[in-house]
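Comments concern the structure below.
Just so it is clear, none of the values below were taken in a lab; they were calculated from the coordinates. These numbers were taken from a predicted model, which means no experiment stands behind them. Every residue, glycine as well, gets a Cβ built from its backbone with ideal geometry; the counts of neighbours run over all protein chains shown.
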């Protein structure tokens with residue numbers, strides 16, 4: 001038997017894994033970061049069991065290449081997501097932990 | 001020798017191929033399509049030699065799945081891009097041609 | 001407090017969400033499907049807490065387009081993954097459920 | 001009027017842009033790099049107007065993260081592609097140029 005709490009945890013994992021690999025590699029700069037944040041939030045919010053998602057991209061890591069932009073990397077993500085299954089919520093995060101983009105359950 | 005015209009054509013191809021494979025698979029609905037269009041335009045505009053890009057996503061193809069959303073597919077794209085190299089421009093399109101998402105040089 | 005079982009569930013969700021959005025959109029045909037299956041398995045196996053992963057792509061859904069190939073879609077996936085955290089395993093699946101690519105915990 | 005030569009150049013650009021954004025972000029290590037190279041080649045070869053494609057991934061850039069793997073980045077690519085339209089071929093490359101993954105027409 002899988003509890004509602006476990007299902008909410010599973011769904012949070014799915015959403016974090018999905019958004020990471022969907023969006024990594026997109027050209028981005030400090031000027032376009034806000035537009036990209038809103039698009040990621042709108043996109044993730046469509047998926048089942050998502051109650052809330054906030055996406056912040058770390059501008060300080062957007063070092064311009066030869067052509068003045070950078071690519072979205074995993075380390076730029078600071079994401080908090082709340083999933084809910086049968087009334088039970090899971091809050092999880094994706095954020096930089098040293099040099100690794102860590103996904104973890106918060107509660 | 002590669003002419004400026006040929007370089008502009010090459011760059012237009014790169015940008016269309018890139019945006020297609022970067023964004024296909026994103027969750028999308030008629031309600032979030034405009035946000036996604038603006039994010040794609042902002043992202044592509046950062047890349048070198050891009051003078052202008054307009055992205056329209058065909059809402060009529062966004063048939064909701066069990067959970068009420070759909071995924072961005074190649075057939076939904078209607079994109080026009082203008083690249084410019086050494087003063088010479090190339091205008092190219094990505095748009096549905098029957099059941100195939102066709103990329104073609106317009107001029 | 002998060003249990004090992006819950007962490008294993010979270011990790012299984014991450015991996016399924018990630019592989020889905022990383023690989024959807026790749027050109028594929030019945031002739032290249034086996035190569036792609038092995039590459040996805042090798043790639044996912046590198047990630048932390050993955051004990052085993054098997055990927056099967058449904059050739060019957062690979063209807064050739066005008067140019068004789070198709071694109072990897074979510075409905076083609078039949079994936080089973082086992083994650084393990086502190087000795088506790090989670091087995092999960094991604095497979096077609098009618099017209100939706102369903103991810104679910106098996107045990 | 002667009003010449004066969006120009007069409008071959010356009011197609012080469014499309015393929016390089018597409019493969020870059022399709023595959024960037026995949027987990028990879030020196031041990032799995034060959035499998036990934038073959039999968040990318042098989043996938044790209046399915047696309048129209050592709051005569052030949054060779055993919056080499058730079059193992060020396062695959063510095064292991066905390067968990068012992070890395071992610072495919074644009075700088076790891078060394079790709080040569082030949083497209084052909086109406087008997088006219090274009091050879092193009094994607095390879096590292098300092099800190100930028102450069103795409104260029106070779107002939």
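For the reader, a short list of remarks on this structure follows.
- Per the Debye calculation on the protein assembly as shown with a single equal scatterer at every Cα and no solvent contribution, log₁₀ I(q)/I(0) for q = 0.06, 0.11 Å⁻¹ amounts to -0.23, -0.80.
- For chain A, the longest principal axis of the Cα atoms and the long axis of helix A:4-23 meet at an angle of about 20 degrees.
- Kirkwood analysis of segment B:4-105, using all unique Cα-Cα pairs, places the hydrodynamic radius at 14.0 Å.
- Average Cα contact separation per residue, chain A, under 8 Å, 6 or more apart, as relative contact order %: 30 percent
- Here the Gaussian network model covers chain B, with springs between Cα atoms less than 10 Å apart; of B:14, B:40, B:81, B:14 fluctuates the most.
- Rotation relating C and B, chain B residue nearest the axis via C-beta, angstrom: B:25, 3
- Each other copy places its own label point for residue B:91 at 3.5, 5.2, 5.9 nm from this one, sorted shortest first, where the point lies 7 Å along the Cα-to-beta carbon line.
- Folded to 0 to 90 degrees: helix B:33-45 orientation relative to chain B principal axis, Cα: 20 degrees
- Highest mobility in the GNM of chain B, judged by mean-square fluctuation with C-alpha springs under 10 Å and restricted to B:74, B:87, B:25, is found for B:87.
- Per residue, the convex hull volume that the Cα atoms of segment D:46-107 enclose (Å³): 89 Å³
- GNM top mover of D:29, D:43, D:73 - chain D, alpha-carbon springs below 10 Å: D:43
- Compactness index (Cα Rg / 2.2 N^0.38 Å), segment D:1-48: 1.44
- From helices alone, chain A scores -10500 deg cm²/dmol at 222 nm; the rule is -39500 (n - 2.57) for each run of n ≥ 4 DSSP H residues, then divide by the residue total.
- Label-point distances for residue C:3 to the equivalent site in the other copies, using a point 7 angstrom along Cα→C-beta, read 0.6, 7.1, 7.1 nm when ranked shortest first.
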